1. Among the candidates 284, 243, 234, single out the residue that is over 27 Å from residue 175 (Cβ atoms) and out of contact with any helix residue (DSSP H, G or I) (no Cβ under 8 Å at 6 or more places or on another chain).
2. Does residue 43 satisfy the condition of being more than 22 Å from residue 171 (Cα to Cα) and hydrophobic (A, V, I, L, M, F, W, C)?
3. State yes or no: is residue 238 crowded, with 18+ Cβ neighbours inside 10 Å, over 19 Å from residue 204 (Cβ atoms), in contact with a His (Cβ under 9 Å, 6 or more places away or on another chain) and at pLDDT 95 or above?
4. Against the conditions (1) in contact (Cβ under 8 Å) with a residue 60 or more places away in the chain; (2) part of a loop (DSSP other than H, G, I, E, B); (3) among the polar types (S, T, N, Q); (4) within 30 Å of residue 217 (Cβ to Cβ), where does residue 133 fall short? Just the number, please.
5. Return the residue satisfying two criteria in turn: it lies in segment 159-180 and is in a loop (DSSP other than H, G, I, E, B) and under 8 Å from the mean Cα position of the chain (by Cα), and of such residues it is surrounded by the fewest Cβ atoms within 10 Å (Cβ to Cβ).
6. Checking residue 28 against (1) in contact with a Ser or Thr (Cβ under 8 Å, 6 or more places away or on another chain); (2) at pLDDT 95 or above; (3) within 20 Å of residue 171 (Cα to Cα), only one condition comes out false. Which one?
7. Of all the helices (runs of 4 or more DSSP H) wholly in segment 183-249, which have at least 2 residues that are under 15 Å from residue 166 (Cβ atoms)?
Amino acid sequence: MSNQPDVTVRLDDRIRLMAAALAATDYPERAQERKRHGTHAHARATTKRLKDYKQHPAIVGLQSLLDQNAPVEAMYTLIMHCSWPDMKIKALPRWAPPGWNQHLRDFYEDANLAQWWQDEQLVWERALTECQQVFETVHFTEFLRPFVGDIKERFVFSPNLAYPTDHEIGIRVGQELFAITPPPLAWGDSPPWPYNEETMVTHSYRAALTQYGRLLLIAYLKANATKVAEVSQKELPVSDQFKAAHPSWEDQFVTLFVAAAVALYLEEYVSEAEAKAYMLLERKARGMTILPGTVSVLQRYLQEYGKKYQSFVDFLPVFPKQLRVAKRIVML
């Protein structure tokens with residue numbers, strides 16, 4: 001195993017540009033309507049600074065996308081495919097407003113964001129240092145390899161002090177997988193914790209592993225589409241609440257797998273108490289009553305990996321049946 005950490009902590013001005021653009025829309029208000037939470041001082045200051053730019057073409061276009069419920073992940077993916085700082089791209093996707101990349105470049109210049117980030121440099125440098133401390137001894141590759149095979153992608157963690165403030169964004173850009181992540185939320189309206197707060201380090205582990213695992217597993221399932229199509233005929237034993245939130249078999253499987261993988265990682269590399277706390281939260285927040293059973297099934301796979309099963313795709317055909325058995329055992 002390499003002494004170099006798997007996760008590179010990095011800022012990218014394109015990410016900061018999109019996060020700032022969101023601050024100029026009604027996105028901050030929508031986020032608070034979903035769930036009241038405290039935000040970072042930089043996010044609040046950015047919103048205040050950009051309040052007069054709501055009619056800027058870049059922000060009008062972004063607001064239109066938000067009004068159409070376009071996924072924020074798509075917006076971040078698009079901007080990361082633009083060159084910097086000229087914001088050129090071979091072709092905009094059909095869903096993007098015409099000339100939006102150039103409007104975003106103009107917004108960056110008109111709002112003098114370069115100067116704003118320079119003014120806030122100490123805040124960003126502190127976030128970088130905190131995240132580097134969090135990930136300096138973390139290695140995800142060895143943990144994920146039994147499930148998705150050899151990993152050629154590079155893991156990048158980008159602290160996000162603007163928007164979204166209440167959840168991370170995971171995107172794939174070439175051979176890099178990005179986890180764009182806000183600092184850990186505190187209770188109520190209190191400001192978020194530092195990334196390296198001792199009791200909150202697992203927030204960054206969870207955010208990063210959730211996004212890297214999700215992106216890798218989606219690609220793995222796509223590469224084994226024939227086998228997945230066969231297995232997906234077997235319904236997964238999930239609750240009605242969970243099924244309503246994740247209608248498709250693949251969405252259910254990926255969500256269950258990622259949550260169980262995070263729990264396994266926390267138990268092995270952090271503590272059993274952290275793993276149990278995480279599973280309890282997932283069960284309450286997302287109706288994942290089957291999560292302990294999923295963890296049990298993945299543990300069984302790891303015990304037989306390299307023996308009965310040479311890869312995760314070999315195990316897929318028995319996954320639904322083993323999950324049903326595990327569910328009955330857990331509920332006893």
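1. On inspection, the qualifying residue turns out to be 284.
2. no
3. Values: crowded, with 18+ Cβ neighbours inside 10 Å: yes; over 19 Å from residue 204 (Cβ atoms): yes; in contact with a His (Cβ under 9 Å, 6 or more places away or on another chain): yes; at pLDDT 95 or above: no.
Answer is no for this residue.
4. (2)
5. From segment 159-180, those in a loop (DSSP other than H, G, I, E, B) are 160-168, 174-175; that's our starting set.
Adding the requirement that they be under 8 Å from the mean Cα position of the chain (by Cα) leaves 167-168.
Working: 167: 14, 168: 20.
Only one residue fits best here, namely 167.
6. The one condition residue 28 does not meet is (3).
7. Output list reads 201-223.
Yes or no, residue by residue, for (1) surrounded by fewer than 20 Cβ atoms within 10 Å (Cβ to Cβ); (2) touching a strand residue (DSSP E or B) at 6+ places or on another chain (Cβ under 7 Å); (3) touching a residue at least 12 places away in the same chain (Cβ under 8 Å); (4) closer than 21 Å to residue 139 by Cα:
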| residue | (1), (2), (3), (4) |
| --- | --- |
| 222 | yes, no, no, no |
| 230 | yes, no, yes, no |
| 277 | yes, no, no, no |
| 290 | no, no, yes, no |
| 322 | yes, no, yes, no |
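The values are calculated or read from the model by the stated rules, or taken from the named source; none is laboratory data. The structure displayed is predicted, hence computed values, not measured ones. Every residue, glycine as well, gets a Cβ built from its backbone with ideal geometry; the counts of neighbours run over all protein chains shown.
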